[in-house]
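Only the coordinates and a few stated rules stand behind these numbers; no lab work does. Keep in mind it's a predicted model, so treat the numbers as computed, not measured. Please note: Cβ atoms are built from the backbone with ideal geometry, for glycine as well, and neighbour counts cover all protein chains shown.
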Amino acid sequence: MKRILGLCGAMFTILLITGCGTDGQIAPRIVGRAAHTVLQPVPVPSNPGSNQTHAPQPVDKNIPAAWYPPPGREKGWKAIVLHHSATHKGSAEKFDDYHKNGKHWKGVGYDFVIGNGNGSGDGHVEVTFRWREQIAGAHVGGTPGNWANEDAIGICLVGDFTKTSPTSRQMNSLVKLIRFLQRRYRIPVGRIYGHSDTPGYKGRTLCPGKNFPMYRLKRML
């Protein structure tokens, strides 16, 4: 009897050591995770961004949310082109009306307009429909299809810089905006142009004006 009991005990010990569960019953141990952690597959939408209706929360709280492009539409911008309005006063709304009704474009040609206090706030950055919709601009030549309208971000400062200079608030806002765009799209200082210096541009313009401090701007970036 003792011999039989001894054999049974040995067989029970072997079963404990080897286990008898199937693959579906034994869960592998995930090193570094709590024992109760369950990993769920992440669904991938067939059309990324199609079900998103608003931009993600900005990481930098000092950056206005309107500066962030909408998800699912963002383009890979390559350069920045700077302009002056060549007017004493103005705003994105005024330029939109002129470009739409005077030049028969789709609307304002720029992505951003920075006010000088006459028509819009001094240093206030206005975001236009072109940036919100991430579509080509009409700020270099006013014709679609050229590389600058397609791939460069157009920023206009209100003022005539053949006669005056940008305000300090305009410059501060411009530096902040450009730094944001540079970080987001990896745009080097060498691809920041004045309108008249844009590679491939064959028109004649003084924009952004002889008093625009391009050299000082680039040193600030």
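A few notes on this one:
- Nearest-20 debye value, region 74-131 charge dipole, Cβ charges on Lys, Arg, Asp, Glu: 260 debye
- Region 147-206 and region 83-104 have Cα centres separated by 17 Å.
- Eligible aspartates and glutamates near K218 by straight Cα distance, threshold 17 Å, same-chain separation 8 or greater: D197
- Cross-link pairs exceeding 31 Å in C-alpha to C-alpha distance, out of K61/K103; K75/K163; K61/K106; K61/K163; K61/K100; K106/K210, comprise K61/K103; K75/K163; K61/K106; K61/K163; K61/K100.
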